[in-house]
Amino acid sequence: MRLLYVLASYLLFAVLFPVLSLHRKTRNGLRQRLGYYAPGELPPRGEGPTFWLHGASAGDLLALSPMFAPLRARFPGCRIVLSTMTDSGFMMGRGRLAKEVDAVVYAPYDLWGATRRAVRAIQPDLLVLEYTEIWPNLIRAAKRAGVKVTLTNGRFSPGQQGKYRLLFSLIGNPLRDMALFLMRGEDEAERALALGAPGERVFVTGNTKFDALAAVGPGQEDETLRGALGIKAGERVWIAGSTHEGEEEHLLGVYRRLLDVHPDLRLVIAPRYIDRAGRIAALAREAGLSVGLRSRGNEEGGRVVVLDTMGELSRAYRLASLVFVGGSFTTRGGQNILEPAGQGKPVLFGPHMENFQDSVQVLVGRGGIQVNDAEHLYRVMSELLQKPENVTSLGVLARTTVRQVSGASQRNVEHMARVLAR
């Protein structure tokens, strides 16, 4: 059965390689993706254990980051190696997280040879996979090398259970090779058990991304960024974060209507992919709105500003009066609504939050408001803008809610310590 997956993975890789080599998210780091590392890319082993933490993208690495400090406190002299699949994740690791870890690399393709080479080079004592990053060849390579494999923030989509069962029946169940399952909630734990995870290895510890957001907390408004966006002191700001194709038209329509009653309101749109900035600016002009780009300091003095730079959305949220998080008016399945909530901002989002149901459950009624469509968004925004005291109280409630659900990182590290001790 394992041989079937090994052969299938090479066949699929041969078919997908041209796409992987050209796609903007995965076109860099080919050598490391094949399990080869140049001298100096991996630090020497320290006095403590080596932890290999893997997150698919930049957001996943941020969710792992609250575990860095507890790991170092629990295991002095440990070595932390981060791996990721996307270029944005790699940039996040080498930039924002660089001082907290010992190395950042691209994750190997899930090929028999690449995974064995990567495990042999990194020499981890514990491999930490996040969410649903179940890579059978990597898990098997780690197990054969004596590495303990852990899943953190574990989740299994209820709609995919049948596909998982079929796959595992064909290739052998990789969950049996894993030492620890640290799941986000009871329902996730039940799904892991139903898929064959050994019961004595499954624990509910929560989601470390809540810890990341609780640690950020509300920040001082960044006056430099305010100036670069062309926003004057005293102007209220609506930030639409992580928007996707098909959403901006609705948001711009809502904004035009709001301006009739609230002329001091500014709109900052932060697209999920900044290469769409020109398209969004064109949509704003078609809607009769003045628009500028943050990368040019909003030299036009536009009432709408497109945040077309990397890594500034979290800082921009600090300037917001109200926040709408995108990916929720499309079938994308939502984006991170807890990041602005952790900064004490009321958060609005649309009906399609399938990928963030745990966050929705935490936040709705506690500083978060789910709307059905653009018309519903307009009505809620109008009401909130007319009652600034409600905006303030909702923001406080959102920040308090995020802080109350923290603590998963410390619980995870304690479970990892017990596994290593065995």
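The values are calculated or read from the model by the stated rules, or taken from the named source; none is laboratory data. Computed from a prediction, not measured in an experiment: that's the story for all the values here. Here the Cβ positions follow ideal geometry from the backbone for every residue, glycine too, while neighbour counts run over all protein chains shown. Heads up: the accessible areas ignore ligands, DNA and RNA and are worked out on the full protein's heavy atoms, side chains in. Shrake-Rupley method; radii C 1.70, N 1.55, O 1.52, S 1.80 Å.
Odds and ends about this structure:
- Taken over the stretch 382-408, the criterion of being of a type in the set (Lys, Arg) and either in contact with a His (Cβ under 8 Å, 6 or more places away or on another chain) or part of a strand (DSSP E or B) (or both) is satisfied by no residue.
- Cβ separations smaller than 6 Å between residues 6+ apart or across chains give the following pairs from the stretch 182-208 residues that are among the hydroxyl-bearing types (Ser, Thr, Tyr) to residues that are assigned to a helix (DSSP H, G or I) and open to solvent by 10 Å² or more (accessible area, probe 1.4 Å): Thr205/Arg411; Thr208/Pro66.
- Filter result for Lys143 (modelled with pLDDT of 95 or more, in a helix (DSSP H, G or I) and open to solvent by 10 Å² or more (accessible area, probe 1.4 Å)): yes
- Any hit, the stretch 191-198, residues being in contact with a Pro (Cβ under 9 Å, 6 or more places away or on another chain), closer than 22 Å to Leu319 by Cβ and at pLDDT 95 or above: no
- Any hit, the stretch 102-109, residues being free of Cβ contacts under 8 Å to residues at least 40 places away in the same chain and in contact with a strand residue (DSSP E or B) (Cβ under 8 Å, 6 or more places away or on another chain): yes
- Counting only helices (runs of 4 or more DSSP H) that sit completely within the stretch 160-264, those holding 1 or more residues that are under 30 Å from His415 (Cβ atoms) correspond to 161-171, 186-194, 208-216.
- Of all residues in the stretch 266-317 being outside any helix (DSSP H, G or I), modelled with pLDDT under 95 and on the phi < 0 side of the Ramachandran plot, the one that is least open to solvent (accessible area, probe 1.4 Å): Glu312
- Screening Asp60 on (1) under 23 Å from Met310 (Cβ atoms); (2) touching a strand residue (DSSP E or B) at 6+ places or on another chain (Cβ under 9 Å); (3) of a type in the set (D, E, K, R); (4) free of Cβ contacts under 8 Å to residues at least 40 places away in the same chain shows it passes everything except condition (4).
- Selection within the stretch 111-131: residues that are in contact with a Ser or Thr (Cβ under 9 Å, 6 or more places away or on another chain) and within 17 Å of Ser9 (Cβ to Cβ). The member of this set that is surrounded by the most Cβ atoms within 10 Å (Cβ to Cβ) is Ala118.
- Any hit, the stretch 91-110, residues being over 22 Å from the mean Cα position of the chain (by Cα) and surrounded by fewer than 24 Cβ atoms within 10 Å (Cβ to Cβ): no
- Pairs are defined by a Cβ separation below 9 Å, a sequence spacing of at least 6 or placement on different chains, a first member in the stretch 1-30 that is closer than 19 Å to Gly113 by Cα and at pLDDT below 90, and a second member that is exposed (fewer than 13 other Cβ atoms within 10 Å of the Cβ) and small (Gly, Ala, Ser); the pairs so defined are Met1/Ser169.
- Test: residue in the stretch 362-381 that is surrounded by 15 or more Cβ atoms within 10 Å (Cβ to Cβ), under 22 Å from the mean Cα position of the chain (by Cα) and assigned to a helix (DSSP H, G or I): yes
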